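Working notes, beginning with the structure itself.
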């Protein structure tokens, strides 16, 4: 009985660690994505990241007249189109130029994330 309880705890503990690792990696990737669009104004917080195989998130938060303002854009990439929902509104088709901009941002994001997070630094890797 005790061994089954312990096994369940170990599985849950491993799942918790994996979930925390996923959140930490997503947070680091998001910080890299935030830098792709230029300097972040003081008092603003920006995130841009790939949530899953088909979903990209752009988030901004700032204070205006003492109130926190936020904007969230969710892009759903499909085989033949890209849909966009802003601040929980209904999805709409993305125009050609915005689609190209998203594609370029996704390419830059992927390149930067791979280089900054997942490839070893050749200088420190050999030291």
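Points worth noting:
- As a rough footprinting exposure proxy, the listed residues 113, 73 were ranked by other beta carbons within 10 Å of their own, and the order from fewest upward is 73, 113.
- Cα principal axis extents for segment 2-126, largest first, Å: 58, 43, 42
- Residue order, fewest to most surrounding Cβ atoms within 10 angstrom, among 72, 16: 16, 72
- Of the residues 30, 81, the one with the fewest other Cβ atoms within 10 Å heads the list, and the complete ranking is 81, 30.
- Each residue, residue 93 and residue 22, gets one label point 7 Å from its Cα in the Cβ direction; the gap between the two is 3.3 nm.
- FRET efficiency, 1/(1 + (r/R0)^6) with R0 30 Å, evaluated for residue 100 and residue 39 via beta carbons: 0.85
Since every read-out is calculated from the coordinates, none of them should be taken as a lab result. Fair warning: this is a prediction, and the values are worked out from it, not measured in the lab. Here Cβ is always computed from backbone atoms with ideal geometry, including for glycine, and neighbour counts include all displayed protein chains.
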